[in-house]
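Participant: Following this message is one structure expressed as structure tokens.
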Amino acid sequence: MSAAPANFYDHTRAELLALASRWGFPPVHAARLWSYVYLEGIEDWAAMSDLPARFRAKAEGELAFGRHATAAETPSSDGFTRKYLLELTDGRRIETVLMRYTGRVTACISSQAGCAMGCVFCATGQMGFVRHLTPGEIVAQAMHVDAVLRTTAAPDEAPAPALADSTHASPHARHERLRNIVLMGMGEPLHNYDAVMKAIDILRDPTGLALGAKKITLSTVGVVPGILRLAAEQRPFHLAVSLHGATQEERAALVPVAKKWPLDELMDACRTYIAKQQRRIFYEWTLIEGKNDTPESAHAVGRLLQGQLAQVNLIPLNPTAGYDGAPTGRDAAKKFQAILADYGLPSTIRQRRGIDIAAGCGQLAVAKK
Ligand code: SF4
């Protein structure tokens, strides 16, 4: 029995060129295949007319475009967010979200099916860990969103319902390309370090999708060995660290991994990262009414982060079925922000996106299969 075709998206460009050589073809054919896929969005072998038929036949037998089938697609009521329930080849399901902010489109990408970290307010954590994603399964999510963007009109150019008709859009109607990704979907990226880094390398390849390092944000709940490895490897993209509590006790109640990597160890790792990278860290703070949104909490964050090259992103809690906390109101969030400013800490109150379709931070989950 012949082996199943490998996933095209698992390969870096260099690996693809080496593969073509092993098959007895000049690397230039593999380079053209790469550009068909990443520059033109073509995955139809018959449409790759620049490539010799023999190469196409060989590649078609050896490689499959592991794009995920869309099991469900949900637009938010404001038309700015779309959540895709995507099916992996083994039938597992993950979620990918397309978010439109003013002047910017971002794909929120999953790194695992489920998550082992168990943050109490997070729907993915509530569903538990299923498995790591492969590099190709991570890349394919970005390509999915890129395909949506290149074949559909933005909501301000066309009314939201037109987006739902994406399958009928002209493949030549080039509207936008994907430029920003955040690894903040399902899973903890630093728990699947090697696959995530390979996927990012593929997405950053300057001859392909060419995502800029500054357009990539990786979010961690505080996996200390991963932060130190990022620092040592001088990975140049943005790092967001979920803090949520400014004392060990407060944090451990919300983020169980704090028991494994306590707050003081996490802060040491973050200071190392900042020193080595000369790059600010974005600290994520989910604002939960009456729990971690008090002036005392804000002062504690201020004392903890004062003097660091840091920015705090305040995210009013997004509701999930398994956690009964409530989001902080606008006024309390503003007061929290003002206290942080007194410590010289810049902060933002995150624009909420996709709450009505459960596509906000911490809301991604799929029924266990
Ligand atoms: S918040 Fe992130 S790390 Fe925590 S359980 Fe959810 S997906 Fe995992």
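The values are calculated or read from the model by the stated rules, or taken from the named source; none is laboratory data. Because the structure is predicted, anything quoted here is derived from the model rather than measured. Virtual Cβ from ideal backbone geometry, glycine too; neighbours counted across all protein chains shown. Ligands, DNA and RNA are stripped out before the accessible areas are found, and what is left, the full protein with its side chains, is counted by its heavy atoms. Shrake-Rupley method; radii C 1.70, N 1.55, O 1.52, S 1.80 Å.
Participant: So which residues in the range 239-249 are away from the ligand (no atom under 16 Å from the Cβ) and either of a type in the set (Gly, Ala, Ser) or in contact (Cβ under 8 Å) with a residue 40 or more places away in the chain (or both), if there are any at all? Talk me through it step by step, then tell me what you get.
Facilitator: Initially, the range 239-249 is screened for residues away from the ligand (no atom under 16 Å from the Cβ), giving 246-249.
Of everything in the range 239-249, those that are away from the ligand (no atom under 16 Å from the Cβ) and either of a type in the set (Gly, Ala, Ser) or in contact (Cβ under 8 Å) with a residue 40 or more places away in the chain (or both) turn out to be Ala246, Thr247.
Participant: Do any residues in the range 86-103 that are under 21 Å from Arg179 (Cβ atoms) have Cβ atoms under 6 Å from those of residues that are open to solvent by less than 80 Å² (accessible area, probe 1.4 Å) and among the hydroxyl-bearing types (Ser, Thr, Tyr), where the two are at least six apart or on different chains, and which pairs are they?
Facilitator: As it stands, the answer is Leu86/Thr96; Thr96/Tyr84; Met99/Thr81; Met99/Thr106, since those pairs meet every condition given.
Participant: All but one of (1) touching a Ser or Thr at 6+ places or on another chain (Cβ under 9 Å); (2) within 16 Å of the ligand (Cβ to nearest atom); (3) at pLDDT below 95 hold for Gly41, so report the exception by its number.
Facilitator: Exception for Gly41: condition (2).
Participant: Name the helices (runs of 4 or more DSSP H) wholly within the range 194-312 that hold at least 1 residues that are under 27 Å from Arg104 (Cβ atoms)?
Facilitator: Hits in the range 194-312: 224-233, 263-277, 295-305.
Participant: On to the next question. Among the residues of the range 266-274, is any within 26 Å of the chain's Cα centre (by Cα) and among the basic types (Lys, Arg)?
Facilitator: yes
Participant: Note down all Cβ pairs under 6 Å where the first residue falls in the range 187-206 and is of a type in the set (Ser, Thr, Tyr) and more than 13 Å from the ligand (Cβ to nearest atom), the second is at pLDDT 95 or above and open to solvent by less than 20 Å² (accessible area, probe 1.4 Å), and they're at least six residues apart or on different chains.
Facilitator: Tyr193/Gly226
Participant: Ala246 is checked against (1) more than 23 Å from the chain's Cα centre (by Cα); (2) within 28 Å of Arg204 (Cα to Cα); (3) open to solvent by less than 20 Å² (accessible area, probe 1.4 Å) and fails just one. What number does that condition carry?
Facilitator: (2)
Participant: Among the numbered criteria (1) within 16 Å of the ligand (Cβ to nearest atom); (2) open to solvent by less than 10 Å² (accessible area, probe 1.4 Å); (3) modelled with pLDDT of 90 or more, which single criterion is violated by Val145?
Facilitator: Every condition holds for Val145 apart from (1).
Participant: Here's another thing I want to ask about it. Tally time: how many residues in the range 20-47 are in a loop (DSSP other than H, G, I, E, B), within 30 Å of the chain's Cα centre (by Cα) and surrounded by 13 or more Cβ atoms within 10 Å (Cβ to Cβ)? Quick ask: steps written out before the conclusion?
Facilitator: First pass over the range 20-47, keeping only residues in a loop (DSSP other than H, G, I, E, B): 23-26, 41-44.
From what is left, the residues that are within 30 Å of the chain's Cα centre (by Cα) are 41-44.
Imposing the further condition that a residue be surrounded by 13 or more Cβ atoms within 10 Å (Cβ to Cβ) reduces the set to 41-43.
Within the range 20-47, residues that are in a loop (DSSP other than H, G, I, E, B), within 30 Å of the chain's Cα centre (by Cα) and surrounded by 13 or more Cβ atoms within 10 Å (Cβ to Cβ) number 3.
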